[in-house]
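The values are calculated or read from the model by the stated rules, or taken from the named source; none is laboratory data. Nothing here was measured: the structure is a model prediction, and the numbers come from that model. A quick note on method: Cβ atoms are made from the backbone with ideal geometry, for glycine too, and the neighbour counts reach across all protein chains shown. In case anyone asks, the SASA skips ligands and DNA or RNA and just uses the protein heavy atoms, side chains included. Shrake-Rupley method; radii C 1.70, N 1.55, O 1.52, S 1.80 Å.
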Amino acid sequence: MRQNDLILQTVTKVAAFVILLFAVAIFLGGHYSPGGGFVGGLMTSAAIVLLLLAFDIKTVTGILPIDYKLMIGSGLFISSLTVAGGLFFGVPLMTHVYHYVDLPLLGHISLHTAVLFDLGVYLVVVGVTMTIIQTIGESE
Amino acid sequence: MSLLHWAVLSPFLLALIVPILYKLFRQIHTGWFVLILPILLFTYFSRFISLTKQGDIIMERATWIPSLGIHVDFYIDGLGLLFALLITGIGSLVVLYSIFYLSKEKEKLNQFYVFLLLFMGAMLGVVLSDNLIVLYSFWEFTSLSSFLLIGYWNERERSRYGAQKSLLITVLGGLSMLGGIILLTVMGNTFSIRELIAQSGELMDHSLFTPALLLVLLGAFTKSAQFPFHIWLPDAMEAPTPVSAYLHSATMVKAGIYLVARLSPVFAESGLWFWLVSIAGLITLFWGSFSAIKQTDLKGILAFSTISQLGLIMSLLGLGAAALHYESLGENIYLAATVAAVFHLINHATFKGSLFMVAGIIDHETGTRDIRKLGGLMQLMPITFTVAVIGAFSMAGLPPFNGFLSKEMFLASMVNVLELNIFNMETWGGLFPVVAWVASVFTFIYSMIVVLKPFTGKLQLQLLEKKPHEAPIGMLISPIILASLVIVFGIFPNLLSSSIIKPAVAGIQPSLAGPDFQVHIAFWHGFQPEVWMTIGIIAFGILLYKTLPKWQKITQWIPERISLNAFYDNGVRGLERSASFVMKVLMTGSIRTYLLSIFLFFILSLGFTLYWKDAFKLDTGNFARISIYELVLASIIVIGSIAILFARSRLTSIIILGAVGYTISLFFVLLRAPDLALTQLVIETISVSLFLLCFFHLPLMASRKEERMTFKLNNALISIGVGVIVTLIALSAHSNKLFDSISNYYLENAYKEAGGKNVVNVILVDFRGLDTMFEISVLSIAALGIFAMIKLRLTGGKDKS
């Protein structure tokens with residue numbers, strides 16, 4: 001029973017991108033303002049879920065041909081590398097380093113290894129949510 | 001992190017790369033890459049020989065959990081070094097052998113070498129750790145990696161059975177060992193073995209001493225396959241032969257020996273230790289050699305022979321404990337038992353390693369290991385035959401091989417024990433040499449079976465799967481090297497005595513091995529009792545071997561159904577049956593039952609604790625004022641929750657539930673927790689859509705009228721109970737301020753130490769980052785679990801195999 005959801009689809013096309021951008025912004029700004037990998041990841045998944053609801057699974061996998069299970073793995077890998085990174089510099093595990101730099105356009109910002117760890121969290125969260133939703137959705 | 005740490009870590013690191021190497025270089029046997037590491041490690045460790053020879057100890061520390069006194073302390077003394085050399089040395093030869101044994105076309109080499117490397121690293125960790133917790137971690141790692149190795153051919157039922165058996169038994173022992181370790185720590189207030197040894201005198205009088213001793217020994221005995229825990233070792237022979245040669249002769253089973261040797265300075269002065277270790281060893285020696293004779297599988301014989309040889313070493317370590325009760329060194333005949341134990345440990349690794357490889361060659365070239373089918377291989381495989389003769393004769397204790405020397409020393413120690421006048425030796429001590437002698441006769445017989453049955457007699461080609469011929473040269477290198485070591489150590493017994501054996505003995509009995517302690521192994525020492533015993537062993541052995549068919553039936557006198565194996569099988573079956581009974585009662589498949597038991601447990605346990613600890617406290621003094629917004633939101637939540645109860649359709653309940661969730665996030669906004677609010681909002685959105693996805697699969701909502709009154713009443717009681725308990729806990733938690741709030745610490749340090757202004761995020765990624773790490777791991781496992789379950793159900797739950 002195919003319904004006419006033209007309005008939903010049109011709105012989604014715009015909204016999904018806005019949400020995605022917002023998710024990235026929230027993820028990157030996490031260390032200084034509300035946000036972080038967890039929320040960012042959830043929000044990204046929300047955007048994809050919105051796409052899934054508006055279109056169907058086949059179309060979305062066509063647009064985003066991502067293996068979410070692989071995403072979980074790479075996320076875990078990145079995070080554990082950041083955790084283990086301390087070993088190579090003779091400091092305790094999970095020691096983070098940060099530094100302030102001046103970049104063109106972006107200005108005075110800080111580069112933080114915690115963001116790498118958070119990137120792992122982000123990937124895992126997106127991977128986990130989407131794996132669950134996709135497998136349940138596909139089984140219909 | 002020192003070089004030593006990297007050395008122990010290197011097998012694990014290489015294990016990460018092996019699958020990549022396997023994929024990239026398909027044409028090259030992965031074993032060649034792996035081979036480099038043990039050789040490098042062996043050279044690295046042999047540098048330490050000159051240091052330990054002078055009695056030096058190398059100690060390196062890396063902090064792990066300083067607050068609990070747990071450090072990754074590695075130290076090298078004579079004992080640790082001996083084992084490290086065995087692990088890497090035999091390891092190199094085994095890897096070399098496996099390159100020719102395992103075909104690169106048919107086998108999953110990437111898995112095999114990953115498991116083998118994990119095992120090698122774990123084993124190095126066991127023998128070099130000073131911290132007992134670190135040692136225990138590595139110890140269990142050896143159990144796990146050997147489980148994987150034994151079950152390597154996991155499509156075979158016997159492999160899975162053997163792997164499970166070894167895991168169950170060794171992990172059971174490992175857990176009891178953990179208990180022993182904890183007791184030791186309670187007594188000595190340290191995890192460090194060195195510090196425990198330093199206070200061994202005070203530990204003796206502690207009331208926990210005996211339990212700790214028993215628990216630790218249980219761990220060592222299960223690992224080293226001592227009677228009655230030996231039953232896992234024969235089944236572990238389902239592993240590929242290189243694994244058997246490595247794990248079940250040279251290294252893993254010796255972890256128990258290592259533990260006994262390592263903790264000897266702590267426990268050995270106790271009479272209980274003397275009796276338990278030496279008697280367990282002797283029984284194992286006897287039972288292993290007796291059982292070996294009835295085996296028909298070549299590897300089965302070798303498995304039981306390993307059991308018996310491990311018993312021999314164990315009993316020697318037990319006897320060596322008597323040495324501690326005599327001050328003078330010169331006349332201390334009991335110290336010789338420890339020397340013999342160490343010497344035999346080395347010898348056993350050489351001859352048993354070569355014999356396992358020979359068994360593997362026979363299996364590889366003929367397709368069978370059944371001695372009833374084999375025979376007459378001597379002409380076809382002359383080199384293999386020579387190696388087998390050297391190995392088996394050494395095992396039987398014949399001159400001029402190294403096994404002869406250590407067997408003589410073993411017999412001498414058993415005779416010397418008669419003069420011992422402590423530990424009530426007068427009553428039962430006479431049995432020691434008798435049992436040792438009888439067991440040695442059986443040892444002689446099974447050694448002869450190993451070498452004579454396959455290689456002499458009639459060649460029955462029709463029984464063999466393949467036409468036998470000599471093994472390729474690569475497969476022969478390792479056993480030849482080991483066999484030549486057998487001869488070299490036999491002819492020049494003192495080659496190792498000052499460089500390897502003496503420091504190792506000093507590691508086992510540090511209080512005795514002073515500067516004037518010397519090890520000298522004599523090839524010939526006159527017509528002592530042990531020489532007559534050896535002559536007797538050979539004479540009786542030949543006699544009994546010749547008449548083997550006539551009396552072999554005696555070995556079957558224990559019927560299979562009352563054997564230890566049957567006991568184990570019944571135990572496992574009983575466990576499975578009771579587990580499935582519990583599952584049937586609890587796992588009804590109805591989510592209501594699950595929630596019912598969870599909530600009931602929640603109410604009872606928390607309610608009882610609240611009552612018992614008298615924890616309820618109400619302090620209205622520091623309540624915040626309730627604003628009108630909060631009141632409104634709270635009433636929305638309450639009304640929403642009640643409305644869910646009366647919702648007629650599932651869609652309505654889900655939407656109301658979502659509304660309740662959104663209202664909660666508004667609460668967070670009010671209480672100025674934007675992070676939580678954000679997360680709650682997104683979570684609500686996603687979970688509502690998840691619910692919608694699941695809609696399709698859910699059965700129609702049961703009509704509420706059908707439910708009985710009592711059912712409704714029970715549910716109402718339980719839900720009210722949960723609500724009351726949670727409210728009580730929340731109120732008490734708010735009113736009981738035992739400590740200062742930790743939030744100030746985070747507020748002050750978030751920017752100073754972690755450079756972040758969002759405290760919640762700083763806690764998540766920095767201060768408590770490890771928690772987050774494990775949280776995302778749990779999430780990943782959950783997701784993969786859901787994926788696997790749903791995909792399995794889609795294929796009808798049918799396994800491919």
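Given the criteria assigned to a loop (DSSP other than H, G, I, E, B) and β-branched (Val, Ile, Thr), does A:Thr95 qualify?
Working: assigned to a loop (DSSP other than H, G, I, E, B): yes; β-branched (Val, Ile, Thr): yes.
So A:Thr95 fits the description; yes.
So which of A:Leu76, A:Leu28 ends up being touching a helix residue (DSSP H, G or I) at 6+ places or on another chain (Cβ under 9 Å), modelled with pLDDT of 90 or more, buried (at least 16 other Cβ atoms within 10 Å of the Cβ) and not acidic (Asp, Glu)?
On the way: A:Leu28 fails: modelled with pLDDT of 90 or more.
Result of the check over A:Leu76, A:Leu28: A:Leu76.
Within the stretch B:277-298, can you find the residues that are surrounded by fewer than 24 Cβ atoms within 10 Å (Cβ to Cβ) and under 22 Å from the mean Cα position of the chain (by Cα)?
B:Ala280 - this is the single residue of the stretch B:277-298 that is surrounded by fewer than 24 Cβ atoms within 10 Å (Cβ to Cβ) and under 22 Å from the mean Cα position of the chain (by Cα).
Among the candidates B:Glu202, B:Glu238, B:Glu195, which residue alone is under 30 Å from B:Phe100 (Cα atoms) and open to solvent by 10 Å² or more (accessible area, probe 1.4 Å)?
B:Glu238
If B:Ile786 satisfies every condition in (1) within 42 Å of the chain's Cα centre (by Cα); (2) at pLDDT below 85; (3) within 13 Å of chain A (Cβ to nearest Cβ) but one, which is the exception?
Result: B:Ile786 passes all but (2).
May I ask you to list the residues in the stretch A:129-140 that are closer than 14 Å to B:Gly785 by Cα and either touching a Gly at 6+ places or on another chain (Cβ under 6 Å) or open to solvent by 10 Å² or more (accessible area, probe 1.4 Å) (or both)?
Pass one, the stretch A:129-140, residues closer than 14 Å to B:Gly785 by Cα: A:129-136.
If the condition is that a residue be closer than 14 Å to B:Gly785 by Cα and either touching a Gly at 6+ places or on another chain (Cβ under 6 Å) or open to solvent by 10 Å² or more (accessible area, probe 1.4 Å) (or both), then A:Thr129, A:Ile132, A:Gln134, A:Ile136 are the ones that fit.
Which of the residues belonging to the stretch A:10-42 are within 11 Å of another protein chain (Cβ to nearest Cβ) and free of Cβ contacts under 8 Å to residues at least 24 places away in the same chain?
Within the stretch A:10-42, A:Phe22, A:Ile26, A:Gly29, A:Tyr32, A:Ser33, A:Pro34, A:Gly35, A:Val39 qualify.
For residues that are open to solvent by 60 Å² or more (accessible area, probe 1.4 Å) and under 23 Å from B:Ile58 (Cβ atoms), tally how many sit in the stretch B:5-32.
Step one: of the stretch B:5-32, the residues open to solvent by 60 Å² or more (accessible area, probe 1.4 Å) are B:6, B:13, B:16-17, B:20, B:23-28, B:32.
Next, from what is left, pick out any that are under 23 Å from B:Ile58 (Cβ atoms): B:6, B:13.
Of the residues in that region, 2 qualify.
Can you confirm whether B:Glu155 is of a type in the set (D, E, K, R), farther than 19 Å from B:Ile313 by Cβ, assigned to a helix (DSSP H, G or I) and at pLDDT below 85? I'd like the intermediate steps shown before the answer.
Values: of a type in the set (D, E, K, R): yes; farther than 19 Å from B:Ile313 by Cβ: yes; assigned to a helix (DSSP H, G or I): no; at pLDDT below 85: yes.
No.
List pairs: first in the stretch B:199-218 and over 15 Å from B:Phe274 (Cβ atoms), second open to solvent by 70 Å² or more (accessible area, probe 1.4 Å) and assigned to a helix (DSSP H, G or I), Cβ under 7 Å, 6+ apart or cross-chain?
B:Leu208/B:Val186
Can you tell me which residues in the stretch A:43-61 are within 14 Å of another protein chain (Cβ to nearest Cβ) and either within 16 Å of the chain's Cα centre (by Cα) or among the basic types (Lys, Arg) (or both)?
Those that are within 14 Å of another protein chain (Cβ to nearest Cβ) and either within 16 Å of the chain's Cα centre (by Cα) or among the basic types (Lys, Arg) (or both): A:Met43, A:Thr44, A:Ser45, A:Ala46, A:Ala47, A:Ile48, A:Val49, A:Leu50, A:Leu51.
For the stretch B:55-66, does any single residue satisfy the condition of being in a helix (DSSP H, G or I), at pLDDT 85 or above and of a type in the set (A, V, I, L, M)?
No, that holds for no residue.
Filter the stretch A:31-61 for residues that are in a loop (DSSP other than H, G, I, E, B) and open to solvent by less than 20 Å² (accessible area, probe 1.4 Å); which is farthest from B:Ile776 (Cα to Cα)?
Among those that are in a loop (DSSP other than H, G, I, E, B) and open to solvent by less than 20 Å² (accessible area, probe 1.4 Å), it is A:Gly35.
Here are B:Leu117, B:Leu132, B:Leu178: which of them is modelled with pLDDT of 90 or more, crowded, with 24+ Cβ neighbours inside 10 Å, out of contact with any Cys (no Cβ under 7 Å at 6 or more places or on another chain) and more than 19 Å from B:Val18 (Cα to Cα)?
B:Leu132
For the stretch B:164-198, which residues satisfy the criterion of being in contact (Cβ under 8 Å) with a residue 60 or more places away in the chain, under 19 Å from B:Leu324 (Cα atoms) and not charged (D, E, K, R)?
B:Ile193, B:Leu196, B:Ile197 - these are the residues of the stretch B:164-198 that are in contact (Cβ under 8 Å) with a residue 60 or more places away in the chain, under 19 Å from B:Leu324 (Cα atoms) and not charged (D, E, K, R).
Looking only at the stretch A:110-128, which residues are among the β-branched types (Val, Ile, Thr) and either more than 9 Å from every other protein chain (Cβ to nearest Cβ) or open to solvent by 20 Å² or more (accessible area, probe 1.4 Å) (or both)?
Passing the criteria: A:Thr113, A:Val115, A:Val126.
State all residues of the stretch B:660-684 that are open to solvent by 60 Å² or more (accessible area, probe 1.4 Å), under 16 Å from A:Gly41 (Cα atoms) and in contact with a helix residue (DSSP H, G or I) (Cβ under 6 Å, 6 or more places away or on another chain); if no residue qualifies, say none.
Within the stretch B:660-684, B:Leu676, B:Leu681 qualify.
Quick one: count up the residues across the stretch B:711-728 that are within 44 Å of the chain's Cα centre (by Cα) and open to solvent by 60 Å² or more (accessible area, probe 1.4 Å).
Within the stretch B:711-728, the first condition is being within 44 Å of the chain's Cα centre (by Cα), and the residues that meet it are B:722, B:725-726.
Next, from what is left, pick out any that are open to solvent by 60 Å² or more (accessible area, probe 1.4 Å): B:726.
Final tally of qualifying residues: 1.
Could you list, in sequence order, all residues of the stretch B:750-783 that are more than 38 Å from the chain's Cα centre (by Cα), more than 7 Å from every other protein chain (Cβ to nearest Cβ) and loosely packed, with under 14 Cβ neighbours inside 10 Å?
Within the stretch B:750-783, B:Lys752, B:Glu753 meet the criteria.
Do we have any residue at all in the stretch B:316-334 that's at negative phi, of a type in the set (Ser, Thr, Tyr) and open to solvent by less than 10 Å² (accessible area, probe 1.4 Å)?
No: the stretch B:316-334 contains no residue that is at negative phi, of a type in the set (Ser, Thr, Tyr) and open to solvent by less than 10 Å² (accessible area, probe 1.4 Å).
Can you tell me how many residues within the stretch B:426-446 are closer than 17 Å to B:Glu530 by Cβ and aromatic (Phe, Trp, Tyr)?
So the count comes out to 3.
So for the stretch B:433-443 (the condition being farther than 23 Å from B:Ile301 by Cβ and either in contact with a Leu (Cβ under 7 Å, 6 or more places away or on another chain) or assigned to a helix (DSSP H, G or I) (or both)), does at least one residue qualify?
Checking the stretch B:433-443: at least one residue is farther than 23 Å from B:Ile301 by Cβ and either in contact with a Leu (Cβ under 7 Å, 6 or more places away or on another chain) or assigned to a helix (DSSP H, G or I) (or both).
Considering only residues that are in contact with a strand residue (DSSP E or B) (Cβ under 7 Å, 6 or more places away or on another chain) and hydroxyl-bearing (Ser, Thr, Tyr), which ones fall in the stretch B:105-160?
Residue satisfying the conditions is B:Ser129 alone.
Quick check on B:Thr534: is it over 30 Å from B:Gly288 (Cβ atoms) and at pLDDT 80 or above?
no
Give me the residue from the stretch B:425-481 that is over 22 Å from B:Leu374 (Cβ atoms) and among the polar types (S, T, N, Q) and, out of that set, most open to solvent (accessible area, probe 1.4 Å).
B:Thr427
Of all residues in the stretch A:62-73 being surrounded by 15 or more Cβ atoms within 10 Å (Cβ to Cβ) and assigned to a helix (DSSP H, G or I), which is farthest from the other protein chains (Cβ to nearest Cβ)?
Only one residue tops the list, namely A:Met71.
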